[in-house]
Amino acid sequence: KTFWLSNATTLSDRQIGGSDTNPGTFDQPFSTLTGALTKVTANRGDIIMVKPGHAETVSAAAGIILSKAGVAVIGLGQGSTRPTFTLDTADTATITVTANNVTVSNLLFKANFLNIATVFSIANAQVATDFTVDNCEFRDGSVVLNFVSCVQVGTTANIADGLTLTNNKWYGQVLTTVPAAQTFVVIASITDRLLVTGNTVIHGKLLDNTAVLIAAGANNLTNAYIAHNHTFRPDTATTGALITSSSTACSGMVEFNTVHHLDNTAGLIIPTGTKFGFAENYSMVTGAADKSCLINPVAV
């Protein structure tokens, strides 16, 4: 089934205001994502369509819980008219994912608190495989209102197998105080079938030796495909400008990524020894702005 969600104040001729007591039709939509999630049926392929102008705040840990398997949350609209979820009140405010095969698409997420740890959390021991975030945008609210990451995966092995992050954008501010780490997706456990493609992550202030795209620690990323991503941060020291990993048993391809930084020594996009396959990745190697990227690692 398809359900509709909107608390926008601009209504069509027949539409009434959103309410979680409505039936969730186009003209009588639900008013909150949590309310809509109580009406869908797991693993039936239900879709929650979110109308332009819808806006919600997430003010606490697990402020919204994506708890129904096989459900897609699809936003309509462009730019600032897209459904918008603002995280505020505490740096622990999150949307948690507790079910398999969940998709979110075309939503806008804004930070309205200092150093919000993450937008989406797959917590320790909580299995949420094949979670997809597609065509979403993440925005820091100001130089003191920011995200530290957009997706975090806990320490239990394989809880996020099939994690898919495609065509998303994260526009960071030139922060007054940069957090200790700031990376698009943080993975703290072994993960299989990771797909990260077409994402753009841009930060204006350096954070040396910290990956812009993926921080994986010592965890194996197997059967991964990481491609066509574009990152910018003016770091002058890069142990892994695109991905940080100390694993020596990763597998999969890392190709066609473009990485801007200002490291003129190592310029590593990924630490050596991970066992990923590489092709046609480009990064800065000169340590100077206004220069073009070159193939890195170079062909041998």
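The rows are residues; the columns are (1) among the polar types (S, T, N, Q); (2) under 20 Å from residue 289 (Cα atoms).
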{"position": "180", "(1), (2)": "no, no"}
{"position": "191", "(1), (2)": "yes, no"}
{"position": "195", "(1), (2)": "no, no"}
{"position": "203", "(1), (2)": "no, yes"}
{"position": "215", "(1), (2)": "no, no"}
{"position": "237", "(1), (2)": "no, yes"}
{"position": "258", "(1), (2)": "yes, yes"}
{"position": "262", "(1), (2)": "no, yes"}
Let me confirm something: among 48, 65, which residue is over 17 Å from residue 106 (Cα atoms) and out of contact with any Cys (no Cβ under 6 Å at 6 or more places or on another chain)?
65
Going by what's in this entry, would residue 111 be described as farther than 22 Å from residue 38 by Cβ, in contact with an Asp or Glu (Cβ under 7 Å, 6 or more places away or on another chain) and crowded, with 20+ Cβ neighbours inside 10 Å?
yes
Just the residues that are open to solvent by 50 Å² or more (accessible area, probe 1.4 Å) and in contact with a Lys or Arg (Cβ under 7 Å, 6 or more places away or on another chain), please, taken from segment 143-171.
171
Those residues of segment 262-279 that are in contact with a Leu (Cβ under 9 Å, 6 or more places away or on another chain) and aliphatic (A, V, I, L, M) come to a total of 4
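Condition check ((1) under 14 Å from residue 149 (Cβ atoms); (2) in a helix (DSSP H, G or I); (3) in contact (Cβ under 8 Å) with a residue 60 or more places away in the chain) across all residues:
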position	(1), (2), (3)
77	no, no, no
86	no, no, no
91	yes, no, no
99	no, no, no
104	no, no, no
118	yes, no, yes
Having 1 or more residues that are open to solvent by 30 Å² or more (accessible area, probe 1.4 Å) and out of contact with any Phe, Trp or Tyr (no Cβ under 8 Å at 6 or more places or on another chain) is the bar; report the strands (runs of 3 or more DSSP E) wholly within segment 241-300 that clear it.
277-279
What do you reckon, is residue 140 on the phi < 0 side of the Ramachandran plot, crowded, with 17+ Cβ neighbours inside 10 Å, in contact with an Asp or Glu (Cβ under 7 Å, 6 or more places away or on another chain) and not aliphatic (A, V, I, L, M)?
no
If I ask for residues that are within 29 Å of residue 130 (Cα to Cα), among the β-branched types (Val, Ile, Thr) and either open to solvent by less than 50 Å² (accessible area, probe 1.4 Å) or at pLDDT below 95 (or both), which ones from segment 1-49 would you list?
32, 40, 48
By residue number, the members of segment 246-283 that are modelled with pLDDT under 90 and of a type in the set (A, V, I, L, M) are 266, 268
Return yes or no: is residue 127 without any contact (Cβ under 8 Å) to a residue 40 or more places away in the chain and in a strand (DSSP E or B)?
no
Can you tell me how many residues within segment 87-98 are open to solvent by less than 30 Å² (accessible area, probe 1.4 Å) and within 16 Å of residue 34 (Cβ to Cβ)?
6
Hey, can you tell me all the residues within segment 208-226 that are open to solvent by 10 Å² or more (accessible area, probe 1.4 Å) and either among the small types (Gly, Ala, Ser) or closer than 15 Å to residue 189 by Cα (or both)?
215, 217, 218, 219, 220, 222, 223
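The values are calculated or read from the model by the stated rules, or taken from the named source; none is laboratory data. Worth saying up front: this structure is predicted, and the values here are computed from it rather than measured. Because the Cβ atoms are built from the backbone with ideal geometry, glycine has one as well, and the counts that use them run over all protein chains shown. Quick note on the areas: whole protein, heavy atoms, side chains included, nothing else; ligands and nucleic acids left out. Shrake-Rupley method; radii C 1.70, N 1.55, O 1.52, S 1.80 Å.
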